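Structure first, commentary second.
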Amino acid sequence: EEWKQKIKGELWYIGDTYHLAIGQGDTLVTPLQVADYTAIFANGGSLYRPHLIKQVLNSRDQLIGEVDNRPIKSNIISSKNINIVREGMRQAVTAGSARSLQSVLVEVAGKTGTAQWSTNKPTHAWFTGFAPYDKPQIVITILIEQGGEGSCEAVPIANEVLTWYFQNKK
């Protein structure tokens, strides 16, 4: 409420709460942030610091360091609420806007999005998800700037990446 009053000079309404609860309204996030919070639902409630490497090797391929992969925070959302969100993300694939992901070799869960950011330019297309649904191994987040609908533009790319990943996983 304070942010909206201070930045926009507007009052907060209950509709603002509803919009934010479903990822709409005045929310600014990066694809990395979206992937990070998607991972919380995939892994059961732990927040990890994102990293791009697993270990550091010297010029002779000897291990000289590993990335600390302990959670920053755990149990930040109740397991009941995590399960509700997970089920909703799975239903987006089984009966919603991400149905084309049913062709992936494993069960996928996800959320499509269409982010309005300008009054005269196309929306951004989003998809975020994880797979396999029961034992997640990968989180994927796709953002296509000015791409239009997430279900039409971002989901097919996620499908390609996830299909490739699970076909080539060793």
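The values are calculated or read from the model by the stated rules, or taken from the named source; none is laboratory data. Predicted, not measured: the structure shown is a model, and the values here were computed from it. Because the Cβ atoms are built from the backbone with ideal geometry, glycine has one as well, and the counts that use them run over all protein chains shown. Ligands, DNA and RNA are stripped out before the accessible areas are found, and what is left, the full protein with its side chains, is counted by its heavy atoms. Shrake-Rupley method; radii C 1.70, N 1.55, O 1.52, S 1.80 Å.
Computed from the C-beta positions of Phe166 and Ser100 and an R0 of 22 Å, the FRET efficiency is 0.90 to the nearest 0.05.
Here is the list for the range 118-170: GluC sites (Glu not before Pro) lying in DSSP coil, each with at most 13 other C-beta atoms within 10 angstrom of its C-beta, are Glu145.
As a length-normalised measure over Cα pairs under 8 Å and 6 or more apart, the relative contact order of the range 32-170 settles at 20 percent. A Förster distance of 41 Å, applied to the separation of the beta-carbon atoms of Ile14 and Ser118, puts the FRET efficiency at 0.95. The mean accessible area for residues of the chain, using a 1.4 Å probe and ignoring ligands and nucleic acids, is 68 Å² per residue. Build a GNM of the chain with springs between Cα atoms under 10 Å apart, and of Ile157, Ile144, Ile53 the one that fluctuates most is Ile53. Only DSSP H runs of four or more residues enter the estimate; each adds -39500 (n - 2.57), and after division by the residues of the chain the mean residue ellipticity at 222 nm equals -9500 deg cm²/dmol. Springs join every pair of Cα atoms under 10 Å in this Gaussian network model of the chain, and among Lys54, Lys73, Lys135 the largest mean-square fluctuation is at Lys54. The range 107-170 and the range 1-72 have their alpha-carbon centroids 16 Å apart. Evaluated over the chain, the count of Lys pairs having alpha-carbon atoms less than 19 Å apart is 7 (only pairs 8 or more residues apart or interchain). With r defined as the distance between the Cβ atoms of Ile7 and Val29 and R0 fixed at 25 Å, what FRET efficiency is calculated, to the nearest 0.05? Efficiency at R0 = 25 Å is approximately 0.90.
Of Val34, Val29, the order by accessible heavy-atom surface (1.4 Å probe, DNA, RNA and ligands excluded), from most exposed downward, is Val29, Val34.
The GNM of the chain, with springs linking C-alpha atoms under 10 angstrom apart, assigns the highest mean-square fluctuation among Trp126, Trp12, Trp117 to Trp12.
To put it simply, the accessible area of the chain at a 1.4 Å probe is 52 percent carbon and sulfur.
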